[in-house]
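The values are calculated or read from the model by the stated rules, or taken from the named source; none is laboratory data. Keep in mind the model is a prediction, meaning the values are calculated, not measured. The protein model used for the area step is the full one, side chains on, heavy atoms only, and it has no ligands, DNA or RNA in it. Shrake-Rupley method; radii C 1.70, N 1.55, O 1.52, S 1.80 Å.
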Amino acid sequence: MNKLKGKKQIELLFSKGQKINNFPLSLIFLESNQLSFGVSVGKRNFKLAVDRNRIKRMLRVVLKQHLLTVFEDSKKSFSVMLLYTGSNTPDWGLLDKKSKTLVEKLKKIL
C-alpha cells in the first residue's frame, strides 16, 4: 500500500476525482498509474494534533480492512483519499459501520 504523496497528485485527485459521501466519511478516488492511499482529518474540527492523529490511525485501519480489497480486486489502479468530515471524535463501531456502507456504494460504481 503506497502513500499518496505530492501536491500535484493530490490536487489532481481533488479536482477530477469521483467522490462518495457517507457522513462522517468521504472517499475521493481517481484512476492513476499506481495504487496509493491517503487519509485526512480537518484541522478546523480538531484543533489538537493528538486527536487528528488518533482519527487518522483509525482511518488507516478502515482502509486496510475494508477498502483495500475492493481496489486491489479491480483491474485498474487508483489514487484514493479517505476524509473524516465529522466534528466529534468517532468510536470504532461507527467508523466500521460507515465504512462498510461506503464499500457497498463503491462496488456499485466500480
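Taken over the stretch 16-55, the ratio of Cα radius of gyration to 2.2 N^0.38 Å equals 1.42.
The GNM of the chain, with springs linking C-alpha atoms under 10 angstrom apart, assigns the highest mean-square fluctuation among LEU27, LEU82, LEU48 to LEU48. Entry comment: accessible area of the stretch 58-99 is 50 Å² per residue, from protein heavy atoms only and a probe of 1.4 Å.
Surface composition of the chain: carbon plus sulfur atoms hold 49% of the accessible area, using a 1.4 angstrom probe and ignoring ligands, DNA and RNA.
Applying the Karplus relation 6.51 cos²θ - 1.76 cosθ + 1.60 with θ = phi - 60° to the stretch 76-83 yields 3J(HN,Hα) values of 9, 9, 9, 9, 9, 10, 9, 10 Hz, where x marks Gly and Pro. Measuring between alpha carbons in the structure, the pairs from LYS56/LYS98; LYS75/LYS97; LYS8/LYS76; LYS16/LYS107; LYS47/LYS105; LYS7/LYS43 lying more than 23 angstrom apart are LYS75/LYS97; LYS47/LYS105. Sorted from greatest to least, the principal axis extents spanned by the alpha carbons of the chain come out as 37, 30, 21 Å.
Secondary-structure-derived ellipticity at 222 nm for the chain, considering helices only, amounts to -13500 deg cm²/dmol, per-run term -39500 (n - 2.57) for DSSP H runs with n ≥ 4.
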